[in-house]
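First up is the structure itself, then whatever we jot down about it.
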Amino acid sequence: MQTDSEINKLIKTKLAYIDQDCESETRKEVNDLYSNIKYESGRLRVPDFQSVANIMVSVISCKEKRFNAEISRILSTSGGFHSTDELERAKKHVAGYFEGERYLHRFEGFLGGVERAAARYGLKFDRRAYRTDIASSLYEAGVQNSTRRALASVHAELAIHLRNDRVKTPEILPGANDIVDLKPNFMGLGINFNALIKRIQAKCRNDKT
């Protein structure tokens, strides 16, 4: 089994820290919303569920932005990826952070928490009365769109740091100097028409044989 390069090990370590930070920050916001649930003036006070959905989806854009910034910093200072294999391994690792299944069930978990909070007051939380189905649909759509956008964005950031050290040689571009005469004239580079005509005639002969 092929081991990760040093650059990919560093990327994995840094992204894991960022992932934890974004999750921790979002979790704190969600916990604050839980703490505001209370029974007051004869009714249960709950958060605006669409706002909750937006906060929970925002963890994905948090990772996207910070991943891109850290990847750019690491690869700009290290010289970038030395091979496509190295790049593809990094892409595969990043993809794991933006799998929809990691996020899709979180809003349902939040609603379960609201039900438990209501039960502490001897109440039953009626989801239909609060139309949580609308917020749930918005959340699912937000997760799908955000994960797709984030994955494309971070993959693009990785790809621009693939080094290309291949130098074009006469073997790669055969006979280029037969066509272009590199002597400057008043119009720029002069075209060697005799060489060009010979090449065309030779091609015609080859096509006939």
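Observations, loosely collected:
- Remark: L111 matches the filter, which requires a residue to be at pLDDT 95 or above and either of a type in the set (A, V, I, L, M) or under 18 Å from K12 (Cβ atoms) (or both).
- Reported count of residues in the stretch 63-90, each being of a type outside the set (D, E, K, R) and in contact with a Ser or Thr (Cβ under 7 Å, 6 or more places away or on another chain), is 1.
- Elements of type helices (runs of 4 or more DSSP H) in the stretch 24-127, at least 1 residues being more than 23 Å from A152 (Cα to Cα), without any contact (Cβ under 8 Å) to a residue 40 or more places away in the chain and of a type outside the set (S, T, N, Q): 106-120
- There is no residue in the stretch 24-43 that is touching a Cys at 6+ places or on another chain (Cβ under 6 Å), more than 22 Å from N164 (Cα to Cα) and surrounded by 15 or more Cβ atoms within 10 Å (Cβ to Cβ).
The values are calculated or read from the model by the stated rules, or taken from the named source; none is laboratory data. Just so it is clear, the model here is predicted, and its values are computed rather than measured. Quick reminder, even Gly has a Cβ in these numbers, built from the backbone with ideal geometry, and neighbours come from all protein chains shown.
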